[in-house]
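No lab work stands behind these numbers, since they all come straight from the coordinates. On a predicted model such as this, the values are computed, not experimentally measured, just so you know. Reconstructed Cβ throughout: ideal geometry from the backbone, glycine too, with neighbour counts over all protein chains shown.
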Amino acid sequence: MNRPDILHKLAPFAGETLNIRVSGNCMEPVLEDGQQVRIRRKGRYLPGDILVFVDSKERLMAHRLLGSFRRQGQLRHVTRADNGDRADQSIAADQVLGAVMLKVPLHQRLRCAAGFLAHALGWLKRKRLRP
């Protein structure tokens with residue numbers, strides 16, 4: 001996958017803390033529309049972290065990480081908006097700009113890990129039902 005243009009432009013800031021403004025309400029009440037947040041690239045992301053990434057339409061998104069897996073040797077992440085009813089399409093690790101610098105409570109991390117497990121079980125069930 002080619003890195004989206006926006007990631008090329010932001011590459012000089014790798015490892016730096018960036019401030020971005022949130023647009024939309026899919027992460028309310030944790031992230032409010034118009035709120036400014038600090039993001040930082042990390043070596044490892046955990047369930048419950050709010051990842052800022054570039055989606056397939058080259059938009060910056062901020063959604064919560066449910067979990068990660070490897071496909072053909074490539075690390076991929078499954079995310080979901082706090083106000084969303086289902087997981088997003090998985091994203092490649094190189095689509096991630098960083099994580100919002102917020103303390104994530106343990107109960108939120110466990111809830112996200114359970115959401116990832118439910119997502120994975122649903123995927124396995126659909127695979128089994130295909131002819």
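Got at least one residue in region 22-32 being of a type in the set (A, V, I, L, M) and outside any loop (DSSP other than H, G, I, E, B)? Can you show your working first?
Step one: of region 22-32, the residues of a type in the set (A, V, I, L, M) are 22, 27, 30-31.
Pick out the ones that are also outside any loop (DSSP other than H, G, I, E, B) and you get none.
So far as region 22-32 goes, no, none of its residues is of a type in the set (A, V, I, L, M) and outside any loop (DSSP other than H, G, I, E, B).
Please specify each residue of region 25-66 satisfying the condition of being without any contact (Cβ under 8 Å) to a residue 60 or more places away in the chain, farther than 12 Å from ASP88 by Cβ and of a type outside the set (D, E, K, R).
ASN25, MET27, PRO29, GLY34, GLN35, GLN36, GLY43, TYR45, ILE50, VAL52, VAL54, LEU60 - these are the residues of region 25-66 that are without any contact (Cβ under 8 Å) to a residue 60 or more places away in the chain, farther than 12 Å from ASP88 by Cβ and of a type outside the set (D, E, K, R).
Is region 96-114 home to any residue that is over 23 Å from LEU18 (Cβ atoms), touching a residue at least 40 places away in the same chain (Cβ under 8 Å), within 15 Å of the chain's Cα centre (by Cα) and assigned to a loop (DSSP other than H, G, I, E, B)?
No; the residues of region 96-114 include none that is over 23 Å from LEU18 (Cβ atoms), touching a residue at least 40 places away in the same chain (Cβ under 8 Å), within 15 Å of the chain's Cα centre (by Cα) and assigned to a loop (DSSP other than H, G, I, E, B).
Any idea which of ALA81, ALA62 is within 22 Å of SER23 (Cα to Cα), under 9 Å from the mean Cα position of the chain (by Cα) and surrounded by fewer than 21 Cβ atoms within 10 Å (Cβ to Cβ)?
Working: ALA62 fails: surrounded by fewer than 21 Cβ atoms within 10 Å (Cβ to Cβ).
Going through ALA81, ALA62 in turn, just one is within 22 Å of SER23 (Cα to Cα), under 9 Å from the mean Cα position of the chain (by Cα) and surrounded by fewer than 21 Cβ atoms within 10 Å (Cβ to Cβ): ALA81.
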